[in-house]
Amino acid sequence: MPGFSSRVAIYPGTFDPITNGHIDIIQRAAPLFDKVIVTLALNSDKNPLFSIEERIEMIKRSTSDMSHVEVAQFSGLVVDFAARKGASVIIRGLRAVSDFEFEFQMALMNRKQRPEIDTVYLMPDARYTYLSSSIVKEVAQHGGRIERFVPQFVLDMLKKKF
Ligand code: COA
């Protein structure tokens, strides 16, 4: 179609594991773009509980009913991966003011690397503003209740780990 350029966004993260907060962000992003690529960052400093395959599987199952959402993985810089995929936008969730400083730094550094790529922030539902993958793992490890915060199959995989 002349003049048509598709809007592709990537949503990077460690997703160890994916939570309802991440899923909420993906659901909000999907209608805004022609394609959203949920992207597992492999070279994060974190020491993940779940393997790459397990995390990819959990993301795929969480997004299987969403149209134009794809799942991928990358190592290297997030902006280089975005460029390779033809994405002009990086999506990040902003849960609280405490997220701001790190996100601000990352967005400006990413812009220095590739000025044509912008970061778009979305706020998750208020139910998930205090959620993180670490807190979910910690509560699960000690037998607490997390069924409101992750899909059933993530809950099952957490139970198997602990
Ligand atoms: N709901 C629930 N939790 C959320 C959330 C939401 N909506 N949004 C963020 N979080 C949580 C995550 O679960 C994660 O929790 P954890 O720390 O307990 O694991 C935490 O907030 C932040 O993680 P995430 O959003 O996954 O980002 P990250 O810090 O793990 O990874 C990358 C950030 C992937 C963007 C970054 O590591 C990256 O790009 N790496 C590649 C190298 C690069 O280009 N770096 C940037 C240079 S400027």
Mind counting the residues in the stretch 27-55 that are within 9 Å of the ligand (Cβ to nearest atom) and in contact (Cβ under 8 Å) with a residue 40 or more places away in the chain?
1
Within the set of pairs 6 or more residues apart or between chains, which connect a residue that is closer than 22 Å to Val71 by Cα inside the stretch 91-111 to a residue that is near the ligand (Cβ under 7 Å from one of its atoms) and part of a loop (DSSP other than H, G, I, E, B) with Cβ atoms less than 7 Å apart?
Gly93/Pro124
Where the second residue is of a type in the set (Phe, Trp, Tyr) and more than 9 Å from the ligand (Cβ to nearest atom) and the first is assigned to a helix (DSSP H, G or I) and lies in the stretch 124-141, which pairs have Cβ atoms under 7 Å and are six or more apart or on separate chains?
Ala140/Phe162; Gln141/Phe162
Is it fair to say Glu101 is part of a helix (DSSP H, G or I), out of contact with any strand residue (DSSP E or B) (no Cβ under 8 Å at 6 or more places or on another chain) and of a type in the set (Asp, Glu)?
yes
When Lys112 is run through (1) within 10 Å of the ligand (Cβ to nearest atom); (2) surrounded by 12 or more Cβ atoms within 10 Å (Cβ to Cβ); (3) among the charged types (D, E, K, R), the failure sits at (2)
Number of the condition not met by Asp34 [criteria: (1) of a type in the set (D, E, K, R); (2) surrounded by fewer than 15 Cβ atoms within 10 Å (Cβ to Cβ); (3) touching a helix residue (DSSP H, G or I) at 6+ places or on another chain (Cβ under 8 Å)]:
(3)
Those residues of the stretch 124-145 that are in contact with a helix residue (DSSP H, G or I) (Cβ under 9 Å, 6 or more places away or on another chain), within 12 Å of the ligand (Cβ to nearest atom) and farther than 13 Å from Asn20 by Cα come to a total of 1
Per-region count, the stretch 16-26, residues under 20 Å from Ala107 (Cβ atoms) and near the ligand (Cβ under 6 Å from one of its atoms)
3
Do we find that Leu155 is modelled with pLDDT of 95 or more and within 10 Å of the ligand (Cβ to nearest atom) in this structure?
no
Filtering helices (runs of 4 or more DSSP H) wholly in the stretch 1-96 for at least 1 residues that are within 22 Å of Thr129 (Cα to Cα) gives 20-29, 52-63
Filter the stretch 93-109 down to the residues that are among the aliphatic types (A, V, I, L, M) and exposed (fewer than 10 other Cβ atoms within 10 Å of the Cβ), then identify the one that is nearest to Thr14 (Cα to Cα).
Ala96
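The values are calculated or read from the model by the stated rules, or taken from the named source; none is laboratory data. For clarity, every value in this text was computed on a predicted model and none was experimentally measured. We place every Cβ from the backbone using ideal geometry, glycine too, and count neighbours over all the protein chains shown.
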